[in-house]
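The values are calculated or read from the model by the stated rules, or taken from the named source; none is laboratory data. If you're wondering where the values come from, they're calculated on a predicted model, not measured in any experiment. Backbone-built Cβ (ideal geometry, glycine too); neighbour counts: all protein chains shown.
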Amino acid sequence: MKSFGAGRDPRDAREMKEDAERLLDEARARGRIEFAVTWFALLWDLIAGTGHDLARALRSLVRAPGFTVTVSLLLGLGVAATTTLFALVNAVILKPLPYANPEQLVMVWESNVSRERLREGPSPGNVEDWVSHSDAFEALTAWWTTSATLRGRDGSAPVAGVQVTKGFFEVFRRAPLLGRTFTDQEYLGRPSIASGRTGGQEPVLVLSHRLWHSLGADPALVGGTVFVEGRNWRVLGVMPADFAVPDVDAALWTPWDMREAYRGARFPDGPPRDFRFLRVVGRLKPGLSPESATDRMKILAARIAADHPRTNADWSVQLVPLREELGRSSRTGLLLVFGAMFCLLLLVCANVASLAIARRASRAREIAIRFAIGAGQTHIVRAHLAESALCAVITALVAIVLTTGSLGAAIAFAPADIPRLHEVGPDARVVSFAMALALLVTIVGVLLPGLRRSSATIAPALKDGAPVSVKQASRMRRALVAVEIGVTVVLLVGAGLLTRSFAGLQRVDPGFDTQNLLVLRLAPDVTRYQRNEQRNDYYGRVLNSIRELPGVRSVAAVTFLPMSTIGQDFYRPYWLEGARPDGFAVTQANVRMATPGYFSTLGLPLASGREFSAQDGLDAPRVIIINESLARSVWKDQDPVGRTLILDYQGGPSPRQVVGVVRDARYRGPRSNPAPEIFIPHAQNPYLVMNVIVRTKVDPDALARTARAQALTVDADQPVHSVTTMERLLDDTMQQDRFAMRFVALFAAAGLVTATTGVYALLAYTVAQRKREIAVRMAIGASSSSVARLVVMESLTLALVGCVAGALGLVAVSGLARSILFGIAPHDPLTLATTVAVLLAAVLAASWLPARRAARINPVSAMRI
Amino acid sequence: MSDRPRSVDHLLPLKPKVLHILLALADGPRHGYSIMQEVAARTDGQVRVWPAAMYGTLRELEALEWIEESDKRPSDDDERRRYVALTPLGKRVLSGEVRRLEAIVDLARASRALRPSAKAERA
C-alpha cells in the first residue's frame, strides 16, 4: 500500500515498454489473432494493472456503473443537443466562407440616410463606375437572380438562374470542377436569362454541381447544351458542390453584359443609376480593412453624386463583410434557439450537480473512514478527479456520436431559408465544441460538487447523522435549485413570448383570402410564343381550360404572387402628368401584370373603380389599377379613378389611366408592410412567365393534379411547375419564426420538468434528512399541517428567489428577443404573469409529495432509531 | 520482543499472481521478463502476468521486503536489466503459503466426500 498512487519508477517504465514490445514481437510471429489478443491484453494490463487512479475509476465503473453512467448519458444527451445547434450556428454565423481569403469579401449596398433607405441593392450605372474608378477592390461583381424554367427529358422545373457581371468567379476565386468559367470576351454581348432577346451570340452558362447532378452527372454535358427559359445554352463548366453564390439554390450562372442590356432609346445614358436592385460583392485589395475601403468608396460615391445629382444626390455606400451579411437574417432566431438549449443544458447540469452533492453527503462517512485510516487528502481528491475525467470522456463520446447522428435531422428541421445550411457538418470546430462543453458540464456538474474542503469534518461525519456536511450540502443544493428556477423562468418567458408573437403573425390579415387557393407557374418557350397575340391566346386558353374543371370557382394569372419568392417583380418610377420629379425625388412602385378577375380570385376587394376586363386588350387605351398605398401617397383623399399616372415602364414613360383602386395587401408575408403597387392588364403587356391562381370550392390540393394536367392539354410542351397552395406559401414566410417558437417551447417544457424534478428531489431529500427534527417538533406539539406548511414554504421561497434571478436574466436577453418578436414587447405582462403562475403550480406540485411525507411522519417510530 | 522470526501466517493467503511470481523466483534471481516467461511456461500459458501488473507487483513485494534487487546476474545479460531475488522473509512467506496449500490438499484427499474423479477436477 505504500506505493499507492506513487509515481512509477522510470526504470520500470523502460523495462515494461521493452517487455511489451518483446511480447508483441513474439505474438506477431504466432499469427494475427495471437497478436491482437496480446495487444488487448497489454492495453488492459496498462489500464488495470498499474494501480492508476483512472484504472480504479474504470474498475469501479464496471463494478458499479450507476452514477457515472447515468450522469454521463444525461450530460452527453444535453451536450449533443447543444452541439447540434452549435453546428447550425457554426455553419451559418461562425464558419469562414468556403472561398480563398474570405475575409476580403464584402457585400456592397447603397444607402440614403435622409430617405431611410439604408440597404438598397446598387444600380447598374453606379456599379459600372465603381468597377472602373474604385481603387479599393481587386475585383467587383454584380449579379441578379431570376427564376428560370429548365426543361429536361422528364418535364420541367423552376431553377434559380444567376446572371453575373465580369469578375464574378475572380471575386469568389473558385475554380470550376469541370470545364471552365467565362472568358472576358464571353461576358460581352451574350444574351442574359431575363433579356428575352433572341439571336445574336450563342448563350453560354456554367452549371451548379446540384443541377449537373440532377441532369445525370455526365461529364460529357460540358460542351453540350441545356434548354433553359425557352432556348439552348452551351454548358462551359460545372462548379464544385460547395459553391453556393448567392445561395444553395443557385442552379446556373450566365454572363451578363449590363452595357448590352441597358442601351437603345430607353437608356440613352447607358446603364441606369436609379434602378437600385443588384447584389454586389467585392474582393478588397489585400491588407485593406473594410473600414478604410468604406471610406474610399464613400469618397467615390460623393464624387458620383456630384456628377449625377438627379439620380445620386444623398446616396452613399455601405460595406458589410460577406460572412456577416449571410448570417444576418437567421442570426437572431438561431441564437435564441441555441441559447434556450444552453439554458436547458444548465438545468440538467444543475440537477446533476445536486445529485453529486447528495451523493457526496451520503458518502461523507465512507470518505471520513478512509481519512481516519490514513488515506491522504490528495488520494481522495485524485480518485474523484479520475472519476470526473472518466465521466467527461464518456460524456464527450456520447455527445459526439449522438451529434453526428442527429445533424441530418437538424438540417431537415431547420427552416429551409437559412443560408449556408448545406455547410452544416461535424467539422473540427463542432467536435472541439462538444469536447469542451462535455468538459465544462462535467466540471460544473460532477467535479466541483464532489470536491470536499478539508478533513475538519471527519469527527462529526463519523458521528451518527452527519449534520455538518449535510447542512452544507443542502445549502448548496438549495442555491442550485433557485438557479434552476431562474433559468426556467427565462425559458418559459421566451417560449411564451415567441408563441404569442407567432400567434400574432398568424392572425395578421394578409389582405386577401388565403384559403382554397391553388397556385401554379407557367413558363412557356420564348421561341414558340414570340408575338403578343400568341401569348394572350395561350394564357386565355389555359385559364379557360382550368376554369371548366369541377370544383373551380375562378381562375386568373399574375406575374408576381403574394408570399411567393419566385417570379419577376419590377420596381419602376411613376409620377403625375406634367410633374416629372427631379431625380432624387423619384417615386417607385412594384409593377405587376394581371389578367381579368385577378383581384376577385385572390379575394382582394377593390376600394373603388373596376377590375380589368377582356376589353382591356392590346389595342384598347392603356389602363392601370393601383393599390391604396399608392393612391394615398399621390392623391391623398381624392378618388384616383379616371385620373392619369405616368409610368416609366416597357417602351419608356407613358400615361395610363387609373380604372380601379385595390385594397392593400401584405405581399411579402405578415411582417411586411404594404408598398405602392401598380397593376397592368396582362393583355396590354403579355409577359410570358405567369403564376396562375385557382380559387377552389374544394380542398385545393385535390385539384392540383387535374389543374396541372388541364394546363398541359393546351400545349404539352410548355412547363407547368411549382404547384402549391397559398396557405403553404404563407406558412413558408414564417418558417424561422416557427422554428424558434417550436424549439424554445420544447426546451422550456423540458426545462420546467427538469427544474420541477430538481425541486422535488431537494425537498424529498431534505425531509428524509430532517426526519428526526420533524419528529421532535411533532412530539412537542407541532401539527402535521404546520409541518407540511414548512416544506411548502421552503419550496415557495425557492420559487421566489428563482423568479428574481430569472427576472435579472430576462433583462439581459430581452434585447436579442426584441428583434424577432412581432407585435409584442419583451416584458409583456400577460406572458410574465402566466409564467409565474405555471412555475408556482409546478413548484407546489413538486412539493406536494414531500410535504405529505413530512406530515405523516410518526414521531415515535422516527425517534426510536 | 524476541529475535525469533514472527509467523508469516497473517500474510497469507497470497494472491495467485504473487504466488506464481514468488515461485518463479524460488530457483534464483530473475528479471521481470524472465519471470513472465517462467510463469507462463510453468502453468502452460494458463496464468500470464503482463508487464504493468508485473512491475507494479514487484515494487509492492519490494516494499514488503519479500524480494530485493540482486547483484547476481549472468555475465552475458543486458546491463540494464534488473534482477530480483527472494529475501529470507520472502522465502518464508512462500513456504508458508505452500504449506497452507498442502494442508488444504491433504484435507481434500482425506475427505471421503471427494473421490479423485471428474468431480474433483471440476472443483
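Per-structure values
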quantity	calculated
Those strands (runs of 3 or more DSSP E) lying entirely in region A:582-668 with at least 1 residues of a type outside the set (Val, Ile, Thr) and over 19 Å from A:Ile693 (Cβ atoms)	A:587-594, A:606-609, A:644-648, A:653-662
Qualifying residue in region B:22-35 (condition: basic (Lys, Arg) and modelled with pLDDT of 85 or more)	yes
Helices (runs of 4 or more DSSP H) contained entirely in region A:705-789, each with at least 3 residues that are free of Cβ contacts under 8 Å to residues at least 12 places away in the same chain and under 28 Å from A:Gly78 (Cβ atoms)	A:735-769
Odd one out for A:Pro122 among (1) buried (at least 20 other Cβ atoms within 10 Å of the Cβ); (2) at pLDDT 90 or above; (3) in a strand (DSSP E or B)	(3)
Residue tally, condition over 10 Å from A:Ala607 (Cβ atoms) and either surrounded by fewer than 15 Cβ atoms within 10 Å (Cβ to Cβ) or hydroxyl-bearing (Ser, Thr, Tyr) (or both), over region A:633-649	7
Matching residues, region A:229-263, being among the small types (Gly, Ala, Ser) and surrounded by fewer than 17 Cβ atoms within 10 Å (Cβ to Cβ)	A:Ala241
Test: residue in region B:50-66 that is touching a helix residue (DSSP H, G or I) at 6+ places or on another chain (Cβ under 6 Å) and exposed (fewer than 13 other Cβ atoms within 10 Å of the Cβ)	yes
Any hit, region A:755-770, residues being among the basic types (Lys, Arg) and surrounded by fewer than 17 Cβ atoms within 10 Å (Cβ to Cβ)	no
Residue among A:Arg323, A:Arg296, A:Arg266 that alone is assigned to a helix (DSSP H, G or I), in contact (Cβ under 8 Å) with a residue 12 or more places away in the chain, surrounded by fewer than 20 Cβ atoms within 10 Å (Cβ to Cβ) and not hydrophobic (A, V, I, L, M, F, W, C)	A:Arg296
Answer from A:Ala833, A:Ala825 - the residue that is outside any helix (DSSP H, G or I), without any contact (Cβ under 8 Å) to a residue 60 or more places away in the chain and within 34 Å of the chain's Cα centre (by Cα)	A:Ala825
Region B:11-32, subset in a loop (DSSP other than H, G, I, E, B) and free of Cβ contacts under 8 Å to residues at least 60 places away in the same chain, residue farthest from B:Gly96 (Cα to Cα)	B:Pro29
Failed item, numbered, when A:Val424 is tested on (1) surrounded by fewer than 19 Cβ atoms within 10 Å (Cβ to Cβ); (2) closer than 21 Å to A:Asp737 by Cα	(1)
Where A:Ala386 falls short, out of the listed (1) at pLDDT below 75; (2) touching a helix residue (DSSP H, G or I) at 6+ places or on another chain (Cβ under 9 Å)	(1)
Within region B:49-64, tally of residues that are more than 8 Å from chain A (Cβ to nearest Cβ) and under 19 Å from A:Trp39 (Cβ atoms)	1
Yes/no for A:Arg663 being at pLDDT 90 or above and of a type in the set (Lys, Arg)	yes
Entirely in region B:40-123, the helices (runs of 4 or more DSSP H) that have 2 or more residues that are closer than 19 Å to B:Leu23 by Cβ and either at pLDDT 80 or above or in contact with a Pro (Cβ under 6 Å, 6 or more places away or on another chain) (or both)	B:51-63, B:88-110
Options A:Phe182, A:Phe169: the member that is in contact with a helix residue (DSSP H, G or I) (Cβ under 8 Å, 6 or more places away or on another chain) and either farther than 17 Å from A:Pro246 by Cα or not polar (S, T, N, Q) (or both)	A:Phe182
Residue match in region A:64-80 (condition: surrounded by fewer than 22 Cβ atoms within 10 Å (Cβ to Cβ), modelled with pLDDT of 75 or more, among the aromatic types (Phe, Trp, Tyr) and farther than 30 Å from A:Glu15 by Cβ)	no
Filter result for A:Ala631 (in contact with a helix residue (DSSP H, G or I) (Cβ under 6 Å, 6 or more places away or on another chain), more than 30 Å from A:Arg705 (Cβ to Cβ) and at pLDDT below 95)	no
Condition met for A:His209 (over 25 Å from A:Leu712 (Cβ atoms) and free of Cβ contacts under 8 Å to residues at least 40 places away in the same chain)	yes
Any hit, region A:541-557, residues being at pLDDT below 90, in a strand (DSSP E or B) and either under 36 Å from the mean Cα position of the chain (by Cα) or not β-branched (Val, Ile, Thr) (or both)	no
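Residues are listed down the side, and each one gets a yes or a no for (1) acidic (Asp, Glu); (2) under 23 Å from A:Thr149 (Cα atoms); (3) modelled with pLDDT of 85 or more; (4) assigned by TED's automatic domain parsing to the domain that holds A:Pro686:
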{"site": "A:Thr559", "(1), (2), (3), (4)": "no, yes, yes, yes"}
{"site": "A:Leu576", "(1), (2), (3), (4)": "no, no, yes, yes"}
{"site": "A:Ala585", "(1), (2), (3), (4)": "no, no, no, yes"}
{"site": "A:Gln588", "(1), (2), (3), (4)": "no, no, no, yes"}
